[in-house]
Amino acid sequence: NNNNNNSGHPSVLDQVNSNQMSLSTIKCVYDSLTVACCFTGHYEFLAQAYERASVNDFGNRSRLRQFGMTLLSAGKPKLALQIFRQCMSLGYDPLATIMAAKICLNSPTKTEESIQLCQQIILHGGTHMTKAYHIEGVAYMKLAADNSDHSQQMEFYKQALASLGKAFEVDEFNPLLRYHLALHYALLRDIENAFSFIRSSIFYDSSNPDSWNLFALILSAKHDYIAALRVIDAGLKQHPSHIELLLTRAKLIERVEDSTKTMEIYTSIISILTSQGQASENDKQQNQDQGIPSSFQKIQARKAVVWLKIAELFRKWDQLDDAKLAINEAQHLQFYPPEFYYQCGMLMKASGKLKDAATEFKKSLASEPNYVPSLIEMSLIDIDEISDKVQPHSQTHPTTTTTST
């Protein structure tokens, strides 16, 4: 060894120390790179790095959790859910389970799985139990909203309130929990409780635009439209491009002021959505293989809804050609909610084409059997048809009687 040292060759100990210093340096650089990616929003790059790091170490739950979080931040919830499930397969992991429950909650087909995951956490207890009750309550609210059977719907709402209540017992100052309680009571038309919870939610956290929107809707339900408009304007000061706030403002303006201002708001919403669509066009194919709509598709769907509202406004102004053009704009976006067929039907009705209108209303009800506006219009058309059939008899009957006499 001395000969080697004298000849300028490093010893084995020196090589080990050098390797340890290199690994330490790499780890430091890697940690700094991770922080930098999080700050700059480069989650896709970070997810790729975690994936490479996990290839030979797929039993490391901590690394798997970080990989799942990064995938979720990169807009890949389905892949993130798979990673969290891998975490859970290695043994009970409350953090991975709560994250999986959140992902399932936001999926239209996995609401019941979200409840099952929450119940696992509740069974084990611990610090995540309150959050599990919260997610479980919201999941039951979703099941209630998606259920057409009234008795089953009310049972889901009852379970939702029980879960949210248990979360509230421990975390009563949570503004998001108060928001969901307000939403629950609003859906049940308990306006006073909804009003109380939404006010306190905004008191504890005024940064949530959904809270401002719900507050305005509750005030509107109390027929206090001026106060609702003030609430919306307060929310828009913090979130000037929030679509739901702008849509609610348009409706309130139409009710209390001038409908021409409503058209200006709808036009500005179209501009905002167009800009957002251009920014997210690269995301168009991102989630196609995952069976979930991309942000681009969601923006296009919202844009179609706004065009339908513009069509409705033109129809109220008796500008049927412009209404038809607005419906065509919505049709080009290839999004067909029940409202699309309803607006087509209303345009046909305004043009005096009742049979064509009935066909469109039936299409609307085929996509959503309980769509109330179409149900009302179909009943009105049926009444008109009955009146048309009865009217000739009421005219000829006196003539027959006179002849007989």
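The values are calculated or read from the model by the stated rules, or taken from the named source; none is laboratory data. Just so it is clear, the model here is predicted, and its values are computed rather than measured. Backbone-built Cβ (ideal geometry, glycine too); neighbour counts: all protein chains shown. What goes into the accessible areas is simple: the full protein's heavy atoms, side chains included, and nothing from ligands, DNA or RNA. Shrake-Rupley method; radii C 1.70, N 1.55, O 1.52, S 1.80 Å.
Would you please name the residue that is most open to solvent (accessible area, probe 1.4 Å), looking only at residues in region 290-307 that are in contact with a Pro (Cβ under 8 Å, 6 or more places away or on another chain) and free of Cβ contacts under 8 Å to residues at least 40 places away in the same chain? If you could, list the steps in order and put the result at the bottom.
The initial filter retains those residues of region 290-307 that are in contact with a Pro (Cβ under 8 Å, 6 or more places away or on another chain), namely 290, 292, 301, 304-305.
This time we only want the ones that are free of Cβ contacts under 8 Å to residues at least 40 places away in the same chain, so: 301, 304-305.
Details: ALA301: 19, ALA304: 0, VAL305: 37 Å².
Residue satisfying both the conditions and the ranking: VAL305.
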(Q) If a residue must be hydrophobic (A, V, I, L, M, F, W, C) and closer than 15 Å to ALA301 by Cα, how many such residues does region 332-354 contain? (A) 3
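Filtering region 341-362 down to residues that are under 21 Å from GLU254 (Cα atoms) and either within 28 Å of the chain's Cα centre (by Cα) or at pLDDT 95 or above (or both), which residue is least open to solvent (accessible area, probe 1.4 Å)? Give the steps one after another, and end with the answer.
If we filter region 341-362 for residues that are under 21 Å from GLU254 (Cα atoms), which is where we start, we get 342-343, 346-347, 350.
Remaining after also requiring either within 28 Å of the chain's Cα centre (by Cα) or at pLDDT 95 or above (or both): 342-343, 346.
Values: TYR342: 32, GLN343: 5, MET346: 24 Å².
Ranking the qualifying residues of region 341-362, first place goes to GLN343.
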(Q) For region 96-111, which positions are open to solvent by 60 Å² or more (accessible area, probe 1.4 Å) and part of a helix (DSSP H, G or I)? (A) LYS102
Q: Please go through region 112-133 and pick out each residue that is surrounded by 20 or more Cβ atoms within 10 Å (Cβ to Cβ) and β-branched (Val, Ile, Thr).
A: ILE115, ILE121
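Check LEU176, LEU161, LEU143 and return the single one that is open to solvent by less than 40 Å² (accessible area, probe 1.4 Å), within 23 Å of the chain's Cα centre (by Cα) and not acidic (Asp, Glu). Don't jump to the end; show me each part of the working.
Details: LEU176 fails: open to solvent by less than 40 Å² (accessible area, probe 1.4 Å); LEU161 fails: open to solvent by less than 40 Å² (accessible area, probe 1.4 Å).
LEU143 is the lone residue from the list that is open to solvent by less than 40 Å² (accessible area, probe 1.4 Å), within 23 Å of the chain's Cα centre (by Cα) and not acidic (Asp, Glu).
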(Q) Go through (1) open to solvent by 70 Å² or more (accessible area, probe 1.4 Å); (2) hydrophobic (A, V, I, L, M, F, W, C); (3) modelled with pLDDT under 90 for ILE381 and report which single condition fails. (A) (1)
(Q) Please determine whether any residue of region 41-62 is at pLDDT 65 or above, more than 22 Å from the chain's Cα centre (by Cα), under 22 Å from GLN120 (Cβ atoms) and in a helix (DSSP H, G or I). (A) yes
(Q) List pairs: first residue in region 87-107 and in contact (Cβ under 8 Å) with a residue 60 or more places away in the chain, second residue in a helix (DSSP H, G or I) anywhere in the structure, Cβ distance under 7 angstrom, at least six positions apart or on different chains. (A) none
**Q.** Pairs with Cβ under 9 Å, 6+ apart, first in region 178-192 and closer than 17 Å to SER163 by Cα and touching a residue at least 40 places away in the same chain (Cβ under 8 Å), second among the aromatic types (Phe, Trp, Tyr) and assigned to a helix (DSSP H, G or I)
**A.** HIS180/PHE197; LEU183/PHE197; HIS184/TYR157; HIS184/PHE197; LEU187/TYR157
Q) Across region 64-86, what is the number of residues that are open to solvent by 10 Å² or more (accessible area, probe 1.4 Å), part of a helix (DSSP H, G or I) and either closer than 18 Å to GLU136 by Cβ or in contact (Cβ under 8 Å) with a residue 40 or more places away in the chain (or both)? A) 3
Q | Count of region 210-232 residues which are surrounded by fewer than 22 Cβ atoms within 10 Å (Cβ to Cβ) and either among the aromatic types (Phe, Trp, Tyr) or touching a Pro at 6+ places or on another chain (Cβ under 7 Å) (or both) | A | 1
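Go through region 121-154 and give me each residue that's in a helix (DSSP H, G or I), over 15 Å from THR111 (Cβ atoms) and not small (Gly, Ala, Ser). Show your work before the answer.
Quick first cut of region 121-154, residues in a helix (DSSP H, G or I) only: 121-124, 129-146, 150-154.
The next check asks that each one be over 15 Å from THR111 (Cβ atoms); those that pass are 121-124, 129-131, 133, 150-151, 154.
Within region 121-154, ILE121, ILE122, LEU123, HIS124, MET129, THR130, LYS131, TYR133, HIS150, MET154 qualify.
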Q: Enumerate the pairs (first residue in region 311-329 and closer than 13 Å to GLU254 by Cβ and open to solvent by 40 Å² or more (accessible area, probe 1.4 Å); second residue anywhere and among the hydroxyl-bearing types (Ser, Thr, Tyr) and assigned to a helix (DSSP H, G or I)) with beta-carbon separation below 8 Å, excluding pairs fewer than 6 apart on the same chain, so at least 6 apart or on different chains.
A: LYS316/SER259; TRP317/SER259
Q: Having 3 or more residues that are among the polar types (S, T, N, Q) is the bar; report the helices (runs of 4 or more DSSP H) wholly within region 163-256 that clear it.
A: 191-204, 209-221
